[in-house]
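A short write-up of the structure that comes next.
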Amino acid sequence: MIKSINNGVYPTMITPYTDDNRIDYDAVLGIMEWYSKNGVNGIFAVCQSSEMFFLSFEERLELMRFIIGNAPEGMSIVASGHTADGIDRQIYEANAFINEGADAYVFIANRFAKENEGRDVFLKNYKKVVSSIPEIGLGIYECPYPYKRLMTPDVLKECAEISPLLFIKDTCCSVKMIKEKLEAVKGTGLKIFNANGAILLETLKAGCAGYSGVMANFHPEIYSWLCENFEKEPEKAQRVQNFLGFASTIECQCYPVNVKYHMNLCGVPMSIFSRARDCCELFESRKTEIEEMFEIEKEFKQIMKI
């Protein structure tokens, strides 16, 4: 069944762990409740921020089932989860995940072709996969790992004509390229969500549907304000954009360990352990940087009345 998805902010949901290295579902629930309190419109679940390449198939499936089953009312859930190289295994995993009932299932762009393979291989594999799954709204994620495969406007348009694409998490970090993609998919129903905080305002003005990126795990309410008010209050929107662009540099620190530390400051308790990064990378000065950013967030929201 083809569902609609909300515009707005879609955090790339992180995965917390217990002390014995299992998924901490109490913390997962706490994250979703925190998202809901802070104006999030949807969740991008079981993605790279979720450490999907470090979760077993069974863990990914169980995590998706829990998120969909406990999603706050009115919140759209888009989800990925397939990590296999082989197309047949991707089809198997995608069908299992789709059966859990997400609003849109998101394919990883770099899974359809190797780095040295071109558009013909990509489109051949894309057609094979989408013809082997139930009719559902789909998405594409330009995941940076294990390599980043950007969707060119012509390939994106062709994909949107082959299947009902609803969502793309765009990681090109280029206003020009995003405008070209928006023009290419006009009238198809595909919504482009920018993952780059520094250029978000310009891409919202151009027609992007919202933001889906790691920084929505730090201060989603500020991203939500921008997505909802950039047209109504343009001068204030530029000041908000200036803050978001500068703050987004923290994602280069040691994500997702740093955001787990930040979640604790926000009152969402969890271990900072990560399977993807060594939590020892978050040494004392880096913790201090997160604490200082947390205080600046609070002051900025007070000044800007967000």
Worksheet, complete the sentence: Taking the range 69-83 and keeping only residues that are within 16 Å of K37 (Cα to Cα), of a type outside the set (A, V, I, L, M, F, W, C) and surrounded by 17 or more Cβ atoms within 10 Å (Cβ to Cβ), one is left with S76
Discussion item. Checking N95 against (1) over 16 Å from T12 (Cα atoms); (2) within 19 Å of the chain's Cα centre (by Cα); (3) part of a helix (DSSP H, G or I): exactly one of these is not met. Which one?
Written reply: (2)
Fill in: Residue that is nearest to the chain's Cα centre (by Cα), among those in the range 104-128 that are of a type in the set (S, T, N, Q) and surrounded by 14 or more Cβ atoms within 10 Å (Cβ to Cβ)
N110
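Looking only at the range 115-144, count every residue that is over 18 Å from I5 (Cβ atoms), of a type in the set (A, V, I, L, M) and touching a strand residue (DSSP E or B) at 6+ places or on another chain (Cβ under 8 Å) and tell me the total.
Of the residues in the range 115-144, 1 are over 18 Å from I5 (Cβ atoms), of a type in the set (A, V, I, L, M) and touching a strand residue (DSSP E or B) at 6+ places or on another chain (Cβ under 8 Å).
Quick grid of which residues meet (1) touching a residue at least 40 places away in the same chain (Cβ under 8 Å); (2) charged (D, E, K, R); (3) closer than 28 Å to G139 by Cβ:
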{"site": "N194", "(1), (2), (3)": "no, no, yes"}
{"site": "L200", "(1), (2), (3)": "yes, no, yes"}
{"site": "K205", "(1), (2), (3)": "no, yes, yes"}
{"site": "V214", "(1), (2), (3)": "yes, no, yes"}
{"site": "F230", "(1), (2), (3)": "no, no, yes"}
{"site": "G267", "(1), (2), (3)": "yes, no, no"}
{"site": "F283", "(1), (2), (3)": "no, no, no"}
{"site": "R286", "(1), (2), (3)": "no, yes, no"}
Worksheet entry | Unique match (being at pLDDT 95 or above, part of a helix (DSSP H, G or I), touching a Gly at 6+ places or on another chain (Cβ under 7 Å) and not aliphatic (A, V, I, L, M)) among C227, C280 | C227
Response to the item:
Residue set F66, F57, F97; condition crowded, with 16+ Cβ neighbours inside 10 Å, among the hydrophobic types (A, V, I, L, M, F, W, C) and in contact with a Gly (Cβ under 6 Å, 6 or more places away or on another chain); output residue F97
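Can you tell me how many residues within the range 211-222 are outside any helix (DSSP H, G or I) and over 11 Å from the mean Cα position of the chain (by Cα)?
Looking only at that region, the number is 2.
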Discussion item. Looking at the range 22-41, can you tell me whether even one residue there is of a type in the set (D, E, K, R), touching a helix residue (DSSP H, G or I) at 6+ places or on another chain (Cβ under 9 Å), closer than 21 Å to P134 by Cβ and not in a helix (DSSP H, G or I)?
Written reply: no
Worksheet item: Does R275 satisfy being touching a residue at least 60 places away in the same chain (Cβ under 8 Å), assigned to a helix (DSSP H, G or I), surrounded by fewer than 16 Cβ atoms within 10 Å (Cβ to Cβ) and among the basic types (K, R)?
Response: no
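The values are calculated or read from the model by the stated rules, or taken from the named source; none is laboratory data. Everything numeric in this text was worked out from a predicted model, so none of it was measured. Every residue, glycine among them, receives a Cβ derived from its backbone with ideal geometry; neighbour counts consider all protein chains shown.
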